[in-house]
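Q: Structure provided below as C-alpha cells; questions to follow.
The values are calculated or read from the model by the stated rules, or taken from the named source; none is laboratory data. Remember, predicted model here, so these are calculated numbers, not experimental data. As a convention, Cβ positions derive from the backbone with ideal geometry for all residues, glycine included, and neighbour counts pool all protein chains shown. Surface areas here come from the heavy atoms of the whole protein model, side chains and all, with no ligands, DNA or RNA. Shrake-Rupley method; radii C 1.70, N 1.55, O 1.52, S 1.80 Å.
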Amino acid sequence: MSEFDILIVGGTVATHECVMRQDVAIKDGVVAALGENLGTAKETIDANGLIVMPGGIDSHVHLAQPSGPGITMADDFESGTRAAAFGGNTLVMPFCIQERGKGLRIALNEYHAKAKGKCYIDVSFHLVIADPNEQVLGQELPALVADGYTSFKIFMTYEALKLADREILEVLSVARETGALVMVHAENDDAIRFLTEKLERAGHTLPTGHALSRPIPVEREATHRAISLAEIIDVPVMIVHVSNREAMEEIARAQARGLKVMGETCPQYLVLKASDLNGLDIEGAKLVCSPPPRDAASQESCWEGLMNGTFSVFSSDHCPFRYNDEQGKLFPRGRESFRYVPNGIPGIETRLPILFSEGVGKGRISLERFVELASTNHAKIYGLFPRKGTIAEGSDADIVLWDPNRQVRISREVLHDACDYTPYEGLEVTGWPTLTMLRGRVVVRDGKLVGEKSFGEHLARERSPFASSQ
Ligand code: DUC
Ligand code: ZN
Ligand code: ZN
C-alpha cells in the first residue's frame, strides 16, 4: 500500500520564506510531508526543472457581475475560474455587489447560485457595500462577518456604488467593531464628473478621454481621504488598484506613521500606458479601466512599491468585457462618450506570467517575493493562511508547477477566458505554469483542462490578522 496519494519529485519548492530542492508528498488533499526520499505514492509527478509553488491567489477579480442595463460581463464563474486555473491560480476572490435598496444576503444568494457547481478552483467573496443603511450596518454585516465574509469593498466613485464620506465612516466603524478588512476604490467622483463633462463639451469623447478624466490627483486625493477617514476610526484599510507614485506615497507615508494601511497594484499599471490608447479610435475601449494606466514613470513607481513592500498584494482586477460586442466594449453609447464604455479589462490568466517575467526574470524581485505577491500575502491578509498560500505540512495541496524558462507570446489564442481580446496582446513573457492542482486534484496539466467544475468550493474566511487596529 502506498503511503501517499501523490509525490511531486525533483522540483524546487518556492515559498515566501525559502527556495529549496524538495519533494512534496500529498495525502487526502493536504501536504503531508516535504523533504527527500519521502516514500511511495499512487502517483508520482516529475517536477525536474520546475518550480513548485503554492497556487496563485487572486484577491481582486470580477466574475458574473451585473454591470448595467445592456452590458454583460464576459466571464461567468466557469470561464473565469477555468482561465484562472490555466494561469496558475487555485483561489480567486470575486466581489458580491449589493444593489441599493436590497440586502447583502439577497446579493450573496444570487452570487452563490451563479457560482454553484461552476468553479474549477476555490472562490471566496468580498462584499461590496453600496447601501449602508441601518439594517446592513447593524445586523447584516456583523452576521456576515461571523459567517466568514470578512472583507468589504467600498467605492468612492460610480453613481450606483459610491459612498459619501459619512457613509464611509459608518462602514469603517462596523469594520472596526467586527474585525473586517475594508478595501477602498479611491477616486474623487466629483472631479471625474467635472472633467468628464468638460472633455465632452470640448468634443473629446473617444476612449483616450477616459484617462484624461481621471488624472493622478483624482486618485491621490481620494487615497489621502480614505486613509484619513480610516485614521479617524482607527481601523486598517486596503487601497486597491494603485496606479502611480503619488497615491503610493500617500500609502507609504501612512505606513511610516504607523498606520495599518495596505496597498495593492495590478499588471495593467506595470505594462500598459495611457498613451497606448493614442490613435486607437474606439478600439481604445479595450484599455478602459479605472484607475487608468499612466506612464513609464508610474510603472516604475509601482515596481518600486512592489519591491519595497509598500504594496503587499498583486492582483489582476480581472473585469472582462468582450470587445467586439454591443453588450461589451462596443456598447453603442460608448461612441457618444467614453463615459459609457464598460470599465475594466481582463487579466486573470496573465497576472502571474507578467509578474514572474517582468519581476523575477528582470531581476526586480526575488522568487520568494514573487510567491508572496502572487499567493501568500493574499492568504495572510484575507484570513486563509496557513491553510492557503504556502506549501507546508497540513496546508491544502494547492500547488502549481511553474516552468521558469517557457517563453510565451501572450495572445488571445493562448488564453482561456471568455473575452475576445487581451490588453497584453504581443507581450513576450518567460515563465508559465504547466500544472495546477487544487487540494491534490489536478485541474490543468500541460495546457489541458483535466479538472471538473465541481472541484472548487466557496471558502469562509477567518478575520484578517491585519484588520485589527492593534
Ligand atoms: N474598479 C475595479 O475594481 N475594477 C474594475 C473597474 C473599477 O472601477
Ligand atoms: Zn475598483
Ligand atoms: Zn476591481
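Q: Tell me, what is the FRET efficiency for Asp28 and Gln407 to the nearest 0.05, using R0 = 41 angstrom and their Cβ-Cβ distance as r?
A: Once the sixth-power term is evaluated, E becomes 0.65.
Q: In addition: In the chain, carbon and sulfur make up what percent of the accessible area (probe 1.4 Å)?
A: Roughly 49 percent, rounded to a whole number.
Q: Modelled label-to-label distance, Glu452 and Cys18, 7 Å Cα→beta-carbon offset: nm?
A: Spacing of the two 7 Å Cα→Cβ label points: 3.9 nm.
Q: At 1.4 Å probe size, put Ser275, Ser357 in order of accessible surface, largest to smallest.
A: Ser275, Ser357
Q: How about segment 117-203: which trypsin sites (Lys or Arg not before Pro) there lie in a loop by DSSP and see at most 15 other Cβ atoms within 10 Å?
A: none
Q: Using Cα atoms only, what is the angle between the long axis of helix 296-308 and the major principal axis of the chain, expressed in degrees (0 to 90) to the nearest 10?
A: For helix 296-308, the angle is close to 50 degrees.
Q: Moving on to the next point. Run the numbers for Arg445 and Glu197: contour at 0.36 nm per residue of separation, minus the present Cα-Cα distance, in nm.
A: Between Arg445 and Glu197, full extension yields 84.3 nm more.
Q: So, one more: Calculate the radius of gyration of the Cα atoms of the chain to one decimal place, then report Dmax, the largest Cα-Cα distance, as a whole number, both in Å.
A: Values for the chain (Cα only, Rg and Dmax): 21.3, 76 Å.
Q: Which FRET efficiency value, to the nearest 0.05, do you get for Lys102 and Asn37 by plugging their Cβ-Cβ distance into 1/(1 + (r/R0)^6) with R0 = 56 Å?
A: 0.45
Q: Work out, step by step, the length gained on full extension between Asp190 and Glu177: first 0.36 nm times the residue separation, then minus their alpha carbon distance; give nm to one decimal.
A: Taking Asp190 through Glu177 to full extension adds about 1.7 nm, to one decimal.
Q: Enumerate the amide H contacts of Val313 below 5 Å, restricted to partners 5 or more residues apart or on another chain; note that Pro and chain-start residues carry no placed amide H.
A: Answer set, sorted by chain and number: Gly263, Thr265.
Q: Now for a different question. Could you give the distance between the Cα centres of segment 351-399 and segment 144-178, to the whole Å?
A: 27 Å
Q: Compute the separation of the alpha-carbon centres of segment 221-275 and segment 299-346 and state it in Å as a whole number.
A: 18 Å
Q: Now for a different question. 222 nm [θ] for the chain, helices only, -39500 (n - 2.57) per DSSP H run of 4+, per residue, to 500?
A: The per-residue figure over the chain is -7500 deg cm²/dmol.
Q: Using the Karplus curve 6.51 cos²θ - 1.76 cosθ + 1.60 with θ = phi - 60°, what ³J(HN,Hα) values do you get for each residue of segment 207-219, in whole Hz, with x for Gly and Pro?
A: x, 4, x, 4, 5, 5, 7, 9, x, 3, x, 4, 7
Q: Out of the DSSP beta bridges found with both residues in the chain, what percent are antiparallel (nearest 5)?
A: 45 percent
Q: If amide H atoms are built 1.01 Å from N in the plane of the peptide, which residues on other chains or at least 5 residues away come under 5 Å of the amide H of Asp325?
A: Leu330
Q: In segment 30-111, which GluC sites (Glu not before Pro) fall in coil by DSSP and have 11 or fewer other Cβ atoms within 10 Å?
A: Qualifying residues, ordered by number: Glu36.
Q: If you take every residue apart from Arg257 with its C-beta less than 13 Å away from the C-beta of Arg257, what net charge results, scoring Lys and Arg +1 and Asp and Glu -1?
A: Net local charge, Arg257 excluded: -2.
Q: How much FRET efficiency would the formula 1/(1 + (r/R0)^6) give for His204 and Ile232, where r is the Cβ-Cβ distance and R0 is 35 Å, rounded to 0.05?
A: For His204 and Ile232, the calculated efficiency is 0.40.
Q: Quick one: length gained pulling Gln327 to Arg253 fully straight, 0.36 nm per residue minus the C-alpha distance?
A: Using 0.36 nm per residue and subtracting the Cα-Cα distance, I get 22.5 nm.
Q: Return one whole number: the accessible area per residue of the chain in Å², for a 1.4 Å probe.
A: 37 Å²
Q: To the nearest 10 degrees, how steep is helix 165-178 against the longest Cα principal axis of the chain, on a 0 to 90 scale?
A: 30 degrees
Q: Could you tell me how many degrees, from 0 to 90 and to the nearest 10, lie between the Cα long axis of helix 77-86 and the main elongation axis, the longest principal axis, of the Cα atoms of the chain?
A: That works out to roughly 60 degrees.
Q: Any idea how far apart Lys362 and Asn278 come out in nm if each label point goes 7 Å out from Cα toward Cβ?
A: Distance between label points: 1.9 nm.
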